[in-house]
Structure formats: C-alpha cells, structure tokens
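Peer 1: Take a look at the following structure, please.
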C-alpha cells in the first residue's frame, strides 16, 4: 500500500471527502492543461501563419546575395536552447533558476510544470490512466506506457555506438555509455564513493545514515535497497527463478546466474590493473582493488572493525547484536548470513551442486571443490615461511606450523 504522509497522517486514514477533493483537484488540473494545450495550439497555428507570411515577405525582399531572414527564435542565455514561444522559454528557465512553483497540497513535492504536478498527484489518488492492451500493466504517464510496450514488442531503439548493445529506454543507454567512458558523475559528500547511477548513490548514502527503509514482513530484517529485499524474500519462499541451463543450479538473482555461468565458460572479464588477477564479478574486482589500496571504507560504529564491503560490515554487526535472521525450516538452526543457511540446507537435502569437471566428484560447497581441484592441478598455494613446504589447504598449513612450535 502506498503510504503518503501529510503532517504524519497516513493517507489510508484520510476521510473519504478528502480523497474526493484530491480526485477533483486532479481532474481540474487536467482540464486546465487541456484548455492550455488547445489555446497553445491555436496560438501556434496563428504564429505559424504569421511566420509563413514573414518567410514569403523575406523571400520577396531578399538581398542581393539571395539570403532570406529566418523568423527569430527565443534563445536561452544559459544553454543556448531555442524556443518558438516566449512562454516555452519562461518554462524552460525554471530548470536553470531552480524555481518549482507547482506544489503538491498533500506532501512537500514541488515541480516546475503543471503537467508534472498532475502526474505526481496520481501517486496520491492511485489513478493510472495509461493501460497496456496486452497485459494488465497500468501507469501514470504515457511515456511509461510507451517504454513498457517495448517489453511485448521486443523493440530496443536506443543503440550503443561502441558495442552495438541496444536498450528499450534512452536512460538505460545513457547509463550504459558510462561503462565505456568511465564517467561516474554521482559523488558521495561523505566519502570518496562515486557511481554511474543516481539510484546507486541514494542507496550508498544509507551506508552512512544507517537508514534501511525496506523491511521484511517475515523476519523484520531491513534493507537499504528494495532489490535486496526482493532477493531476501526468496530466502523465505525458497523461490529460485534463475536457473542454469548447463547444470541444475538455480539462483534468487539474475546477476548471480550471470556470474555462475562464467564458472562453466571460464570467462573472467574483470581484470585488476595492478596484478592482472581476473574475476567473474565486477563487485569482486572492486573489493580486490582495496587489497592493493588498503582502503576499508566500511567501519563498525561499535568497535574498530573495518572491511572492504558493505555486506561484510552488515554481517559483522550481527556479532554485536547476536542477530541470526536466517532460520532453517527443517531443524530451526539459525545463521547470521543467507549463504551459511544455504550451505546448511544441503545437509538436509544432500544436494552437491559443485561438480569436478575432471572426475565428476561432487561437493556441497564451492570451497571444497576448489580444494579438490588442486589434487588434479598439483597446485599448493599455502606455503610455510619456515621450511618452504607447501600445502593444498590452509588447514593443512596450520597443522604443519604446530610442528615447528613444538620443536
């Protein structure tokens, strides 16, 4: 349910006559807008006729070089954008001077056009006049419906000139182009974090404020990002809609499936410019780069612990709170992270999704497969600094180090 507040009162508690007034207000604004458009079209037609006459006169009275004088346009002195009507220029100038004269009487929202206010008021009234003829989707703007219809048609008119990837929405193309340019225009005022999307910055700022507005109705866990809540709810429902076509593994997030498919393909497109190590996920590369820089931007407010990822800090804070939000539905054992619960559930199901491509042995944990694979490759990455003996697993090195201490 949409919760809109005016002086702290939820809209669901507003009286019926208030909603009727609100609906009448929307209809009144829409009528005014239609009348304004009709008047504008009439003025525009008269202006066009006048412009045509001027052009004819200019052609007839052209100078010796044969050049005619074009009708004058109103030009914005800030960005040089041109307009045919003074009123259009006046409206445009509101963008530059920051004025927002059209204010919502329900909440504190304000905008610089009447049509923008009309659209906003539909948030309060619940009106969605633009309906899809294929499915039941409805929205508040004609532009939103146009973009949605491309889901059905498959049309992607916005193409990247670098890699030819196509998008249904111009804003998605703008965001994508930043991958090629490296531009990150959204900067955090509290730390040095920068990103390509305004939404990412909004979510990041909650790291500093501690705000978590998205709450789970099952276990009361809260999240800074709505997509994180959506993924979390699948922990409770058991839904894993993203399935691998190579093996039987399934995921709660599309990004996890994309990264998983690189296990099969061996693709590691994200490379470190310092040590040339490569990764299947961009987030893993970002965290890895902090190994070189020593940066640990996520700091615990209780102790001096700091880490390289926000997820690491969230997990750490449960050490202080004792919170274990992830509960097994078989034996009621609880865990601090969803990954620990996922791993535990395999004890009950017997599932072993990690298969060796050499001998077909299977494992319940990816770390066990990684250690097993070293038996085939002969790799021994854990070396003793005393005698240079090397081991396949870190646990074996720990046990070996005890032999030096005993001596």
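Peer 1: Is region 292-348 rounded, prolate or oblate when judged by the Cα gyration tensor, a ≥ b ≥ c being the square roots of its eigenvalues, rounded requiring a/c under 1.5 and prolate requiring a/b larger than b/c? If you can, show how the numbers build up before the last one.
Peer 2: Working: a/c = 4.75, a/b = 2.05, b/c = 2.32.
Because a/c hits 1.5 or more and a/b fails to exceed b/c, region 292-348 counts as oblate.
Peer 1: Compute the separation of the alpha-carbon centres of region 193-218 and region 226-270 and state it in Å as a whole number.
Peer 2: 22 Å
Peer 1: Continuing with this model, one more query. Could you state the number of Å between the C-alpha centres of region 162-181 and region 291-327?
Peer 2: If we compute the Cα centre of each part, the gap is 34 Å.
Peer 1: Is the C-alpha gyration tensor of region 121-265 telling us rounded, prolate or oblate? Criteria: a/c under 1.5 is rounded; beyond that, a/b larger than b/c is prolate, otherwise oblate.
Peer 2: Values: a/c = 1.10, a/b = 1.08, b/c = 1.02.
Note, shape of region 121-265 comes out rounded.
Peer 1: A further question follows. At 7 Å along the Cα-to-beta-carbon direction for both residue 236 and residue 222, put a label point, then send me their distance in nm to one decimal.
Peer 2: With each label point 7 Å from Cα toward Cβ, the separation is 1.6 nm.
A short reminder: the numbers here are calculations on the coordinates, not readings from a lab. Note that this is a predicted model, so its numbers are computed, not measured. Every residue, glycine as well, gets a Cβ built from its backbone with ideal geometry; the counts of neighbours run over all protein chains shown.
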